[in-house]
Amino acid sequence: MSAHDKKFTVGDYLAQRLAEIGICHHFVVPGDYNLILLDKLSANPNLTEIGCANELNCSMAAEGYARANGASVCVVTFSVGALSAFNGTGSAYAENLPLILVSGSPNTNDAGQFHILHHTLGNGDYTYQYEMAKKITCCAVAVARAEEAPRLIDRAIRHALLARKPCYIEIPTNLAGASCVRPGPISAVTDYVVSDPAALEAAGNCASEYLSGKLKPVILVGPKLRRAGAEAELLRLAEAMGCAVAVQPAAKGMFPEDHPQFVGIFWGQVSTGAADTIVHWADALICVGTIFNDYSTVGWTAVPDIPLMAADMDHVTFPGAHFSRVRLPEFLGRLAEQVSFNDTTMVEYNRLRPDPLHLHVAAPEDALTRKEISRQVQDMMGPKTSLFVETGDSWFNGIQLKLPQGAQFEIEMQWGHIGWSIPASFGYALHYPERRTIVMVGDGSFQVTAQEVSQMVRFRIPITIILINNRGYTIEVEIHDGSYNKIKNWDYAMLIRAFNSTDGDAKGLVANTAGELAEAIAIAAKHDGGPTLIECTIDQDDCSRELITWGHYVASANARPPRHQRED
Ligand code: TPU
Ligand code: MG
């Protein structure tokens, strides 16, 4: 480095690494512990600063950006910021997304001098945030000396990218601008770890054994497939086998729905198509990136009961054998070469295949219903649509829709934070300006993160928000009802216009009838200068059969008595 070289700092180091791994937008909320760091990040010409209204939304926006971009960063201040951002970080952990959470922290001199600082618990302990972060990330580092920053920053980012999980980097306020050495090649951070050759081969052999003699194989796709970057290999495997392919709800869209081997969403009693019948008929089940939790198994009523082959992101388990360090794309690619064609389950499925539904088209003056909203949203879908569905009846309405070729679907079913879809769709759409992002969200969920619509207004992102106003927390009503499921009604369309102030171009519309919804959707389709929110009012009791059924079983699972109290 020449003597004239501009001083290179810890903040510059982090900025360069973020840009090198393909991050173009960094989501931030400022606070005095991170201001110098934010200056350094925004000085990097490859990073664009995206300010958010609060740290919960900031972390959820980064979560959505990671879905689109593959990795993201959220930069917050100490405690008051970071503890809120832990929520989106938890989501990134649950949903397998490499979100890099960066927090400013106190001046390195203060702990030793027993100073009491603002934004802290006031007990002189400044380690608690780092300790908490360890639990919700795959790697947490706290930089205590500038000399350590390169090693720690590289380590945290590498772990996050490899594990597809969030990491945490804490940088004291007086170190962001401290001198730092320059980084070496980024390949040392991003280099992929390939499968162990012996484990890959043994797992392949075990798969042949598992399938040999089986007559009715079915593939079940789960949400970790996309996170592992293995969609193309899965398609090759499915076509080589010719068997039925069912998809878990959180993996909707990860296998093309217009593919002849797609048999529907396997979700127990609330499955689509005849997916549950064919999954239960199978004598071999190849589970790929699946997550069996209480929601996806409908309160444990839909757990497959045959011995499974379970291919995860970096390991494979068979009845009686386990293989570590087998990467999913390599494993599926190998299987595609070795399996034999057996379309028995497709032949059977074609007998079971339900006839296409003839949807009732409402007259323009008819009061709006949930079914009519779904029918009209279906017509909005094209190859460039990305549909976000929020926790609530929107999950069930969205799952029923047919995704045309190229359409994308996003759901946060493992973490299930109401309000996620608003900031997450904003973060996602920043990465994908060429796609048309639509959000289906309930009134209760919208109230949690409504402020972030103002960022869509500020950055002129034309997201269409279909807000389904059924005056309350209907999903909760179906699980367990009480006074707490009623909420204050808002004038949602007017709220959006308030966000415009003097310089915004968002549209807030209301649809009470089928005709009004059609008109509003036509306006949204032409509106590019900002978001369009369409408040769709429906009857309080108008909810899907699927939500009622699912809610009943989830409630039963929640209500199981403690085992030691059972009388039997
Ligand atoms: O369609 P609908 O009425 O079911 O949806 P809406 O209006 O968005 O209501 C959602 C109600 C709901 C709650 C209150 N769904 N899950 N919860 C529990 C919950 C509480 N807090 C967070 C952050 N996430 C949750 N899932
Ligand atoms: Mg509601």
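Could you tell me which of the residues 151, 158 is without any contact (Cβ under 8 Å) to a residue 24 or more places away in the chain and assigned by TED's automatic domain parsing to the domain that holds residue 104?
None of the other options fit; the residue is 151.
Every residue, every condition in (1) in contact (Cβ under 8 Å) with a residue 40 or more places away in the chain; (2) more than 16 Å from ligand 1 (Cβ to nearest atom); (3) polar (S, T, N, Q), yes or no:
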residue: 493; (1), (2), (3): yes, yes, no
residue: 513; (1), (2), (3): yes, yes, yes
residue: 524; (1), (2), (3): yes, yes, no
residue: 554; (1), (2), (3): yes, no, no
residue: 562; (1), (2), (3): no, yes, no
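Among the listed residues 543, 536, which satisfies the condition of being within 16 Å of ligand 2 (Cβ to nearest atom), in a loop (DSSP other than H, G, I, E, B) and surrounded by 20 or more Cβ atoms within 10 Å (Cβ to Cβ)?
Values: 536 fails: in a loop (DSSP other than H, G, I, E, B).
Sole residue among the options that is within 16 Å of ligand 2 (Cβ to nearest atom), in a loop (DSSP other than H, G, I, E, B) and surrounded by 20 or more Cβ atoms within 10 Å (Cβ to Cβ): 543.
Residue 515 versus (1) over 27 Å from the mean Cα position of the chain (by Cα); (2) outside any loop (DSSP other than H, G, I, E, B); (3) over 19 Å from residue 365 (Cβ atoms); (4) not hydrophobic (A, V, I, L, M, F, W, C): which is the lone unmet condition?
So the condition that residue 515 fails would be (3).
Among the residues in region 116-127, are any under 30 Å from residue 429 (Cβ atoms) and out of contact with any Lys or Arg (no Cβ under 9 Å at 6 or more places or on another chain)?
Here is the first cut: in region 116-127, the residues under 30 Å from residue 429 (Cβ atoms) are none.
Within region 116-127 (the criterion being under 30 Å from residue 429 (Cβ atoms) and out of contact with any Lys or Arg (no Cβ under 9 Å at 6 or more places or on another chain)), the answer is no, since none of the residues qualifies.
Might you check whether a residue that is crowded, with 20+ Cβ neighbours inside 10 Å and hydroxyl-bearing (Ser, Thr, Tyr) occurs anywhere in region 497-517?
no
Taking region 273-295, which residues are crowded, with 23+ Cβ neighbours inside 10 Å and polar (S, T, N, Q)?
290
Looking only at residues in region 452-489 that are assigned to a helix (DSSP H, G or I) and closer than 14 Å to residue 418 by Cα, which one is nearest to ligand 2 (Cβ to nearest atom)?
Here the answer is 474.
May I ask you to say which residue of 353, 375 is surrounded by 13 or more Cβ atoms within 10 Å (Cβ to Cβ), among the basic types (Lys, Arg) and closer than 17 Å to residue 521 by Cα?
375 is the lone residue from the list that is surrounded by 13 or more Cβ atoms within 10 Å (Cβ to Cβ), among the basic types (Lys, Arg) and closer than 17 Å to residue 521 by Cα.
I'd like to know if region 198-219 contains one or more residues that are touching a Gly at 6+ places or on another chain (Cβ under 9 Å) and over 30 Å from residue 412 (Cβ atoms).
yes
Of all helices (runs of 4 or more DSSP H) completely enclosed by region 1-86, which ones contain at least 1 residues that are closer than 27 Å to residue 181 by Cβ?
10-20, 35-43
Could you please tell me which pairs satisfy a Cβ distance under 6 Å, a separation of 6+ or placement on different chains, a first residue in region 435-447 that is away from ligand 1 (no atom under 16 Å from the Cβ), and a second residue that is of a type outside the set (Phe, Trp, Tyr) and assigned to a loop (DSSP other than H, G, I, E, B)?
435/384; 436/384; 437/463
The values are calculated or read from the model by the stated rules, or taken from the named source; none is laboratory data. It should be emphasised that the depicted structure is a prediction, and the values quoted were computed from it without experimental measurement. Reconstructed Cβ throughout: ideal geometry from the backbone, glycine too, with neighbour counts over all protein chains shown.
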